[in-house]
1. Please list, ordered by first then second residue, the pairs with beta carbon atoms under 9 Å, 6 or more apart or interchain, first in region 41-59 and touching a residue at least 60 places away in the same chain (Cβ under 8 Å) and open to solvent by less than 10 Å² (accessible area, probe 1.4 Å), second in a loop (DSSP other than H, G, I, E, B) and not aromatic (Phe, Trp, Tyr).
2. Starting from residues that are closer than 13 Å to Ala149 by Cα and open to solvent by 30 Å² or more (accessible area, probe 1.4 Å), keep the ones in region 171-180 and report whichever is modelled with the lowest pLDDT.
3. Open to solvent by less than 30 Å² (accessible area, probe 1.4 Å) and either within 14 Å of the chain's Cα centre (by Cα) or among the hydrophobic types (A, V, I, L, M, F, W, C) (or both): which single residue out of Val152, Val168, Val90 fits that description?
4. Failed condition for Val145, given (1) at pLDDT 95 or above; (2) open to solvent by less than 40 Å² (accessible area, probe 1.4 Å); (3) in a helix (DSSP H, G or I), with all others met?
5. Contact list please: Cβ distance under 7 Å, first residue in region 76-102 and of a type in the set (Ser, Thr, Tyr), second residue part of a helix (DSSP H, G or I) and exposed (fewer than 13 other Cβ atoms within 10 Å of the Cβ), pairs at least six apart or on different chains.
6. From the set of residues in region 113-131 that are in contact (Cβ under 8 Å) with a residue 24 or more places away in the chain and charged (D, E, K, R), which is most open to solvent (accessible area, probe 1.4 Å)?
7. Report every pair of residues separated by at least 6 positions or lying on different chains whose Cβ atoms are under 9 Å apart, first residue within region 227-247 and of a type in the set (Val, Ile, Thr), second surrounded by 15 or more Cβ atoms within 10 Å (Cβ to Cβ) and in a loop (DSSP other than H, G, I, E, B).
8. Please determine whether any residue of region 99-112 is open to solvent by 10 Å² or more (accessible area, probe 1.4 Å), β-branched (Val, Ile, Thr) and within 20 Å of Arg144 (Cα to Cα).
Amino acid sequence: MQTVGRFARGKCMKPTKRKNMQPEARRAQLLGCAQMLFFSKGFEDTTIQDVLDLAGVSKGGFYHHFKSKDELLFGVLDGMAEGVFAQMSVVASDEKSSALDLLHNFTHLRANYLREHDYPGQVEMFKIMNQDKNLFLLEQFKRRVRTGAMPVLTKIIRKGCDEGTFTVADVDTTAELILFLMNFFDFALLRAIDARGTDIADEAARNLQAAIDMQFLTLDRILGLPDGTTDFGWPEAVDVTMETVPSPPSSAK
């Protein structure tokens, strides 16, 4: 659900008349408009002309910064992932903490980010990202995050093996498996979000908590740790999620 990056909300404003902008400001404007359109229309249904119209930019101005829509997509993904990588770099640079402490810091990154960045807004963004039209964008984002996280987690696991804390046969394969596992409870989270305010809300909340618990129990066993060693890092996450207010239907806005 960690999806809001430097180009999110409020960064795409079409000027009343075209004006000169510094190259970095223009690039950021194009990325902001693209992200807005990718979320609202879907990547496949968004055209370069849609971005030009929203930003009030000419084709020449666009192609000065991006060669294609795919390049624009990866620019958006980089911006979305920037906050994630900034937190990971702090963990990666810590040479003094034990591997177990580093693992806790790593697995708590998501919870820490959500608590600090407009969680109700993050919930709605998560719903948007999981719409069928955005699944391509979501998978590309997750792939970018996994790629950036791989060296950090590998370093932690290798250190844990050296310290005798973790027991794994292959560090790289273990890291890859854990990174895929980190999104395990997303399906239960989506169902819980959709169930808010309905008669199945309590059941969906229980299922979400069970999925979170199962994810970290599996992580413990992959690393050879006692059950209950790792956790999400936010015990109130399920309750807070269910207390968020669903957005009204588009017809009611």
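1. Within 9 Å, the pairs are Gly42/Gln131.
2. Checking each candidate, the answer is Phe180.
3. Being open to solvent by less than 30 Å² (accessible area, probe 1.4 Å) and either within 14 Å of the chain's Cα centre (by Cα) or among the hydrophobic types (A, V, I, L, M, F, W, C) (or both) holds for just one of Val152, Val168, Val90, which is Val152.
4. Unmet for Val145, out of (1) at pLDDT 95 or above; (2) open to solvent by less than 40 Å² (accessible area, probe 1.4 Å); (3) in a helix (DSSP H, G or I): (1).
5. Ser98/Glu163
6. Arg115
7. Val240/Trp234; Thr241/Arg196; Thr244/Arg196; Val245/Arg196
8. Checked region 99-112: no residue is open to solvent by 10 Å² or more (accessible area, probe 1.4 Å), β-branched (Val, Ile, Thr) and within 20 Å of Arg144 (Cα to Cα).
The values are calculated or read from the model by the stated rules, or taken from the named source; none is laboratory data. The structure displayed is predicted, hence computed values, not measured ones. Cβ atoms come from the backbone with ideal geometry, glycine included; neighbour counts cover every protein chain shown. For accessibility, only protein heavy atoms count, side chains too; no ligands or nucleic acids. Shrake-Rupley method; radii C 1.70, N 1.55, O 1.52, S 1.80 Å.
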